[in-house]
Amino acid sequence: HLRALVCENTLISEYDTHASALRKLHMIEIAENYISFKSKEESSNFYYCLGVMEFKVAHKRLTSIAYLEKALQRCNSLSFTANIQYQLGYVKSTTHKYRDMAKNDLQAALDIWETLNDCEDQIAMTHDHLGYILMDSESTYSSSREHLTKAMHMRKSFVESNPTEMNLSAYSTTCDNLGYLFYKSGEKIDKSRELLEEALSIREKLYES
């Protein structure tokens, strides 16, 4: 029953208070030591879902990382491995201790997705977040620009072919990131302003709709 609650994302309901959600997660953290799994795949999925939940609901980054690493150790699927690696990189990027290591997980996810079919959204997403992380250091500005430029071109094409709210929001995020990189590095200031204004325009329209 507990496995199903976690894997089907029904443990926490929209009516739970924050305190109630935290109590439920604490219960799972204790019970997790006694749960048996039928296969590595089942346990990998359980720890992935729990890791995501710990981050999104409780904002417990280190706990999330620990569960996601358990999921990665038990994973036998290439596609799912990429999902776990990306999530690990994303959570690590929100910490001080592991932020620099986040790029390794994100690159690992990108390398896998580039070998698979129909993963364009994931590839663009990873290019964007890798570029965002690499913006931290002046020594990696060039790599950051490469990743963000790839993400921008991909996401712009997604908008042109299918201008959904999700595609527009993702494209505005990349415009924002690349525009800020140009501003931060002191290069292409005019281009920086153009990209930031485009990101703002898209977000204003999304807010008004």
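The values are calculated or read from the model by the stated rules, or taken from the named source; none is laboratory data. Note that the structure is a prediction, hence the values are computed from the model and not measured. Because the Cβ atoms are built from the backbone with ideal geometry, glycine has one as well, and the counts that use them run over all protein chains shown. All accessible areas refer to the heavy atoms of the entire protein, side chains included, with ligands and DNA or RNA removed. Shrake-Rupley method; radii C 1.70, N 1.55, O 1.52, S 1.80 Å.
Here are the numbers for the structure shown:
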{"read-out": "Chain lengthening between His96 and Lys191 when straightened (0.36 nm per residue, less Cα-Cα)", "value": "31.2 nm"}
{"read-out": "Whole-angstrom gap from region 16-93 to region 95-156, using each part's C-alpha centre", "value": "22 Å"}
{"read-out": "Segment Thr149-Phe37, extension gain: residue separation times 0.36 nm, minus the distance between their alpha carbons", "value": "36.0 nm"}
{"read-out": "Solvent-accessible area per residue for region 63-193 (1.4 angstrom probe, square angstrom)", "value": "51 Å²"}
{"read-out": "Region 151-209 - percent of accessible surface contributed by carbon and sulfur, probe 1.4 Å", "value": "52 percent"}
{"read-out": "Carbon plus sulfur fraction of accessible area for region 15-138, probe 1.4 Å, in percent", "value": "51 percent"}
{"read-out": "Values of log10 I(q)/I(0), in the order q = 0.12, 0.22 Å⁻¹, for region 21-91 under a Debye, Cα-only, solvent-free model", "value": "-0.28, -0.91"}
{"read-out": "FRET efficiency estimate (nearest 0.05) - Cβ-Cβ, Lys205 to Ser142, R0 41 angstrom", "value": "0.80"}
